[in-house]
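Have a look at the structure below, then the notes.
The values are calculated or read from the model by the stated rules, or taken from the named source; none is laboratory data. Just so we're clear, the structure is a prediction, and the values are computed from it rather than from any experiment. Neighbour counts are summed over all protein chains in view; Cβ atoms, including those assigned to glycine, are modelled from backbone coordinates with ideal geometry.
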């Protein structure tokens with residue numbers, strides 16, 4: 001699956017952990033498609049988990065945070081993933097064009 005709405009921006013901590021943030025702002029008719037993309041990414045993350053999900057500072061190997069906010073006719077969906085750099089880069093490549 002190639003993502004049509006979510007585009008990830010990566011940052012690393014200088015060690016071996018990264019964070020991948022994606023955001024999409026859409027009208028109500030497109031919201032189900034965005035949420036389907038979020039679910040596809042989370043499903044992949046679970047299937048290819050590098051370890052237990054949870055806050056990294058509490059012993060988790062990876063974590064995800066999803067936020068949905070509506071403002072007038074627009075809904076913004078934000079997804080943030082944290083975890084091992086190689087795992088996150090593999091995840092992003094999986095959903096990139098040609099991935």
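Things to note:
- Qualifying residue in the stretch 49-72 (condition: farther than 20 Å from residue 10 by Cα and surrounded by 16 or more Cβ atoms within 10 Å (Cβ to Cβ)): no
- All positions within the stretch 16-52 that are without any contact (Cβ under 8 Å) to a residue 12 or more places away in the chain and part of a helix (DSSP H, G or I): 29, 32, 36, 39, 43, 46, 47
- Positions within the stretch 76-89 being in contact with a strand residue (DSSP E or B) (Cβ under 6 Å, 6 or more places away or on another chain) and surrounded by 15 or more Cβ atoms within 10 Å (Cβ to Cβ), in sequence order: 77, 78, 79, 80, 81, 82, 83, 85, 88
- Within the stretch 18-30, not a single residue is at pLDDT below 95, surrounded by 13 or more Cβ atoms within 10 Å (Cβ to Cβ) and over 15 Å from the mean Cα position of the chain (by Cα).
- The set of residues in the stretch 53-75 that are assigned to a loop (DSSP other than H, G, I, E, B) and either touching a residue at least 12 places away in the same chain (Cβ under 8 Å) or within 22 Å of residue 95 (Cα to Cα) (or both) comprises 61, 73.
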